[in-house]
Amino acid sequence: MLKSFKHTEFIHYLKTISLPGFEGVPVWDVVLFFWEGLINGVITTRASAIAFNFFLAIFPMLLFLFSLIAYVPIANFQTELMRLLVEIMPRSTFLTVQDTVSEILLRQRFDLLSVGFISMLVFATNGINSLMTAFGATYHPFKEHHWFRKYFVSMFLVCVLSVLIITAVALAISGRYIIDNLVQQGIVDKQINYYLLLLLQWGVILLFFFSAIALLYYFAPSKRGKFRLFSAGNTLATLLMLFSSYGFSYYINNFGQYNKLYGSIGTVIVILLWLYF
């Protein structure tokens with residue numbers, strides 16, 4: 001009886017509070033809306049389709065972006081990009097692509113740039129298209145684009161998200177230089193330099209996720225509403241993506257033994273699982 005009373009009190013409490021970014025919507029309503037879509041929306045089938053399509057797009061996308069970054073005239077740009085990848089990706093996954101990525105970053109090759117761009121555009125567009133199709137198959141009402149318009153929007157989102165990735169890395173690098181200069185001039189204490197860099201790094205990552213998800217929520221539906229960078233769905237999706245990615249990376253780095261069990265194919269399994277979750 002006491003447990004039931006406490007349970008009811010907790011639900012009532014969730015109905016009366018709202019988190020930053022939820023635009024006044026109670027936490028309970030957001031959780032209930034998310035849970036209904038999760039249970040009744042065939043989420044596992046849609047996640048599998050999206051993971052497969054984005055897996056096909058990963059390597060052409062990396063080939064194009066890293067070939068393009070080799071032309072960026074900013075010192076240590078490549079080093080900062082590698083550092084961000086280490087933070088986001090599971091260690092075993094990163095180690096598999098580290099040598100290839102490093103070689104592409106250090107050499108300017110127009111042939112790889114052109115081939116990578118065409119391949120990335122095709123496969124990444126299919127990935128975004130499958131994501132938009134998954135939106136349309138959701139439990140909640142969601143009007144889809146016409147198939148031709150959907151591919152055009154998918155291609156546009158691929159280009160915009162690519163620019164966002166490069167911008168996020170550029171912000172992280174420029175911010176690091178600014179903080180280092182402030183430390184050298186004695187304006188900022190050296191002891192708090194680490195925390196400022198950590199805050200900058202996660203701030204850029206959060207801004208990237210918020211922007212990317214907001215763009216998807218705005219362009220994916222056929223009927224568009226007002227563009228909102230911060231909303232209940234955007235905030236929840238960003239937090240869940242960051243927590244699930246960090247949690248999965250922590251598990252793989254500390255407990256996962258995929259490489260020992262499956263050999264070299266274990267990395268492929270890890271990448272697919274990472275995209276799936």
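The table that follows gives values for the structure above.
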read-out: Gain on full stretching of the segment that runs from Lys15 to Met82 - 0.36 nm per residue minus C-alpha separation; value: 19.8 nm
read-out: Estimated FRET transfer efficiency (Thr167, Val268; beta-carbon r; R0 41 Å; 0.05); value: 0.85
read-out: Computed FRET value (nearest 0.05) for Tyr250 with Trp202, which takes r as the C-beta separation and R₀ as 22 Å; value: 0.90
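FYI, it's all coordinate maths here, none of it is from the lab. Just so it is clear, the structure is predicted and the values come from calculations on it, not from any experiment. We place every Cβ from the backbone using ideal geometry, glycine too, and count neighbours over all the protein chains shown.
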